[in-house]
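Participant: Please see the structure below; I have some questions.
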Amino acid sequence: MLALLGVVILGVFVVAGPDASTTGVGPVQHRVETVAVVASAQVSENWAIVDGLTVGEATLGLDDGRTVTIAGNTAGEIACTDVQSANTCVLLADMLGPAVVWFTLVPADAQDGDRYLTLPALVDMLEGGDQGVISNGWVVRLTTGVERTCDVETVSLRDFINKFAPNSAVTILDLLRDEVVEVICTQ
């Protein structure tokens, strides 16, 4: 009986994965698969985030012609206060087919907001350098040869991350390519 209980507990851990633990070892990672400027939005009257989940639903028209619906009870964050004004917010979302499983809406950059988005520091790389982890837990695609802009020389992106993450750099995401193209030190 004890062996069976052990197998069940192990099975729950494997299905839930390591992110399901409550160790508090940093932010939960969210894979960003969809990135786009919000061109239009239709939101239900009561649409909001409560305890990390949406109440109501929203349909977003994206600048690349796609339409995305965010259903009620979808995990997410909203940092952009003017979702319904065109080109003021950027959607970053983890998708399962056409369904949004997690999303964030952030303000578009004041300058070049339809082309670039400034994110917090890059703190790690995954999948042989194809993916980057931002300090808030977002996992984004990296372009080959991410540009490193700083007065202090670095020999590689890993060296840059080691020297400047998490508090002394920003990350630039190209909204047309949906990938990080540059990191900039802020010291």
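Participant: What residue, of Gly97, Gly113, Gly61, Gly56, is out of contact with any helix residue (DSSP H, G or I) (no Cβ under 9 Å at 6 or more places or on another chain), exposed (fewer than 13 other Cβ atoms within 10 Å of the Cβ) and over 15 Å from His30 (Cα atoms)? Before you say what the answer is, go through the steps one by one.
Facilitator: On the way: Gly113 fails: exposed (fewer than 13 other Cβ atoms within 10 Å of the Cβ); Gly61 fails: exposed (fewer than 13 other Cβ atoms within 10 Å of the Cβ); Gly56 fails: exposed (fewer than 13 other Cβ atoms within 10 Å of the Cβ).
Result: Gly97 is the single residue among Gly97, Gly113, Gly61, Gly56 that is out of contact with any helix residue (DSSP H, G or I) (no Cβ under 9 Å at 6 or more places or on another chain), exposed (fewer than 13 other Cβ atoms within 10 Å of the Cβ) and over 15 Å from His30 (Cα atoms).
Participant: Which ones in segment 103-121 are under 14 Å from Cys80 (Cα atoms) and assigned to a loop (DSSP other than H, G, I, E, B)?
Facilitator: Once the filter is applied, which keeps residues that are under 14 Å from Cys80 (Cα atoms) and assigned to a loop (DSSP other than H, G, I, E, B), segment 103-121 yields Ala108, Asp109, Ala110, Gly113.
Participant: Look through segment 167-187, keep the residues that are of a type in the set (Ser, Thr, Tyr) and not in a strand (DSSP E or B), and return whichever of them is nearest to Gln111 (Cα to Cα).
Facilitator: Just the residues of segment 167-187 that are of a type in the set (Ser, Thr, Tyr), to begin with: 168, 171, 186.
Narrowing further to those that are not in a strand (DSSP E or B): 168, 186.
Numbers: Ser168: 21, Thr186: 18 Å.
Only one residue tops the list, namely Thr186.
Participant: Hey, does segment 133-148 have a residue that's touching a Phe, Trp or Tyr at 6+ places or on another chain (Cβ under 7 Å) and more than 26 Å from Gly52 (Cα to Cα)? Give the derivation first.
Facilitator: Kept after step one, since they are touching a Phe, Trp or Tyr at 6+ places or on another chain (Cβ under 7 Å), are these residues of segment 133-148: 148.
Adding the requirement that they be more than 26 Å from Gly52 (Cα to Cα) leaves 148.
There is at least one residue in segment 133-148 that is touching a Phe, Trp or Tyr at 6+ places or on another chain (Cβ under 7 Å) and more than 26 Å from Gly52 (Cα to Cα).
Participant: Only one of (1) over 14 Å from the mean Cα position of the chain (by Cα); (2) not in a strand (DSSP E or B) is not met by Val68, so which one is it?
Facilitator: Evaluating Val68 over (1) over 14 Å from the mean Cα position of the chain (by Cα); (2) not in a strand (DSSP E or B) leaves (2) as the failure.
Participant: Filter segment 56-109 for residues that are in contact with a Phe, Trp or Tyr (Cβ under 7 Å, 6 or more places away or on another chain) and without any contact (Cβ under 8 Å) to a residue 24 or more places away in the chain and give the result.
Facilitator: Result: Gly56, Glu57, Asp109.
Participant: Could you grab me the full set of residues in segment 134-158 that are within 16 Å of Ser168 (Cα to Cα) and of a type in the set (S, T, N, Q)?
Facilitator: Scanning segment 134-158 gives Ser135, Asn136, Thr149, Thr154.
Participant: Among (1) touching a strand residue (DSSP E or B) at 6+ places or on another chain (Cβ under 6 Å); (2) within 23 Å of Met95 (Cβ to Cβ); (3) in a loop (DSSP other than H, G, I, E, B), where does Thr143 come up short?
Facilitator: Of the numbered conditions (1) touching a strand residue (DSSP E or B) at 6+ places or on another chain (Cβ under 6 Å); (2) within 23 Å of Met95 (Cβ to Cβ); (3) in a loop (DSSP other than H, G, I, E, B), the odd one out for Thr143 is (3).
Participant: Name the residues in segment 126-145 that are more than 12 Å from the chain's Cα centre (by Cα) and surrounded by fewer than 18 Cβ atoms within 10 Å (Cβ to Cβ), would you?
Facilitator: Step one: list which residues in segment 126-145 are more than 12 Å from the chain's Cα centre (by Cα), which gives 126-130, 142-145.
The answer is Leu126, Glu127, Gly128, Gly129, Asp130, Thr143, Thr144, Gly145.
Participant: Another question, then. Out of segment 146-166, which residues are crowded, with 19+ Cβ neighbours inside 10 Å and assigned to a strand (DSSP E or B)?
Facilitator: Of the residues in segment 146-166, the ones crowded, with 19+ Cβ neighbours inside 10 Å are 146, 148, 157, 160-161, 164-165.
Residues satisfying the conditions are Val146, Arg148.
Participant: Only one of these is within 19 Å of Ser40 (Cβ to Cβ) and of a type in the set (S, T, N, Q): Thr186, Thr81, Thr149, Thr171. Name it. Write out each step before concluding.
Facilitator: On the way: Thr186 fails: within 19 Å of Ser40 (Cβ to Cβ); Thr149 fails: within 19 Å of Ser40 (Cβ to Cβ); Thr171 fails: within 19 Å of Ser40 (Cβ to Cβ).
Exactly one of Thr186, Thr81, Thr149, Thr171 is within 19 Å of Ser40 (Cβ to Cβ) and of a type in the set (S, T, N, Q), namely Thr81.
Every number here is computed from the coordinates shown, using simple stated rules; none is lab data. Keep in mind it's a predicted model, so treat the numbers as computed, not measured. All Cβ positions, glycine included, derive from the backbone under ideal geometry; neighbour counts span all protein chains shown.
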